[in-house]
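Novice: Questions regarding the structure given below will be posed in turn.
What follows is calculated from the coordinates using simple rules that are stated; it is not laboratory data. Keep in mind the model is a prediction, meaning the values are calculated, not measured. Cβ atoms come from the backbone with ideal geometry, glycine included; neighbour counts cover every protein chain shown.
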Amino acid sequence: MLAVENLVVHYGEAEAVRDISLEVGDGELVCLLGPNGAGKTTLLNTICGLLRPSSGMVNFSQENITGRHAAAIQRKGISQVPEGRKIFPTLTVEDNLRVGAYTVKDKARVGADLKKYTEMFPVLARRRNQKGGSLSGGEQQVVAIVRALMSRPKLILFDEPSLGLAPLFVKRVYEIIKDIHGEGTSILLVEQNARMALGVAARAYIMDAGEIVISGRAEDLSTSEDVKKAYLGE
Ligand code: ATP
């Protein structure tokens, strides 16, 4: 479904992503781990059209989408749940969710999805007319996830969904991620909480200093002594 080939991304002179290749299959849940500054967010932002690569290719559903605008890429079926949630603090919860459907022309479909998700997540019904900024971190993460779902994506890029959340909310967020995956949506999950991510993913990539240094089955990585020492802090 997603195939990144030899991607290179710069900020000015600085190379943040160096010759990265990775794949996410149809319906697959893949995680991307690595320390701070490894280039994970840069990679996600390039896949969804927020940054332009210096070279390399992003293919999605067998189409080259490299360098396309973010809206066009969202229309193709890729959504992002960004790091830090990026909820619009002065918009209501409902309007935050509608932002996720800005590329959808069929307004009846948007209304039906809003109804479905406010029934599925009672917090959205309770907070519907409240400003996004007044919600707790965990509640904002639910809004960020449903905002991403509003365009009915085939692939969701999650950027550190557990960051800064209380353990109970982390558990809830991971239940939601598993449910979304269970519905058939492909997922690329960036996490610092490596144990949590390896517990739900089928495959994993570890990124360090702009490069993929290890990849394999999540089960194999989570039992590898080298990976445990170098990247799981164990
Ligand atoms: P984190 O977990 O801290 O978010 P990350 O793996 O997502 O880390 P990136 O945020 O992609 O890493 O950063 C990769 C490198 O690019 C880092 O050296 C970072 O300082 C640099 N970088 C990130 N954003 C910018 C920017 N807007 N301008 C210049 N350099 C940047």
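Novice: What percent antiparallel are the DSSP beta bridges of segment 96-234, to the nearest 5?
Specialist: So the antiparallel bridges in segment 96-234 amount to around 55 percent.
Novice: Ok, one more. Mind giving me the nanometre distance, one decimal, between the label points for PHE88 and ALA72, set 7 Å out from Cα along Cα→Cβ?
Specialist: Between PHE88 and ALA72, the simple spin-label model gives 2.4 nm.
Novice: Using the Cβ atoms and a cut-off under 12 Å, what net charge is assigned to the surroundings of VAL24, where Lys and Arg are +1 and Asp and Glu are -1?
Specialist: -1
Novice: Moving on. Say each of ALA202 and GLU183 gets a label point 7 Å from the Cα, pointing the same way as Cα to Cβ; how far apart are those two points in nm?
Specialist: The answer from the label model is 1.9 nm.
Novice: While we're on this one: Stretch LEU232-ARG128 to full length: gain in nm at 0.36 nm per residue minus the Cα-Cα span?
Specialist: Residue separation times 0.36 nm, minus the Cα-Cα distance, leaves 33.6 nm.
Novice: Related question: Take the Cβ-Cβ distance between LYS171 and ASP220 as r, set R0 to 25 Å, and report the resulting FRET efficiency rounded to the nearest 0.05.
Specialist: 0.50
Novice: Here's something else I'd like to know. Is segment 76-143 best put as rounded, prolate or oblate by its Cα gyration tensor, with a ≥ b ≥ c the root eigenvalues, rounded for a/c under 1.5, and otherwise prolate when a/b is larger than b/c, oblate when not?
Specialist: oblate
Novice: What does the net charge come to around ARG152 if you take all other residues with beta carbon closer than 12 Å to its beta carbon, with K and R at +1 and D and E at -1?
Specialist: With Lys, Arg at +1 and Asp, Glu at -1, the neighbours total +2.
Novice: Evaluate E = 1/(1 + (r/R0)^6) for ALA112 and GLU211, where r is the Cβ-Cβ distance and R0 equals 45 Å; express this FRET efficiency to the nearest 0.05.
Specialist: For ALA112 and GLU211, the calculated efficiency is 0.55.
Novice: While we're looking at this one, here's another question. Report for the chain the percent antiparallel among DSSP-assigned beta bridges with both residues inside it, nearest 5.
Specialist: Looking only at bridges with both residues in the chain, the antiparallel portion is about 55 percent.
Novice: Based on DSSP H runs of at least 4 residues, each adding -39500 (n - 2.57), what is the mean residue ellipticity at 222 nm of the chain after dividing by all its residues, to the nearest 500 deg cm²/dmol?
Specialist: It lands at -11000 deg cm²/dmol.
Novice: Quick one: net charge of LEU221's neighbours, Cβ under 14 Å, K/R +1, D/E -1?
Specialist: So the environment of LEU221 carries a net charge of -2.
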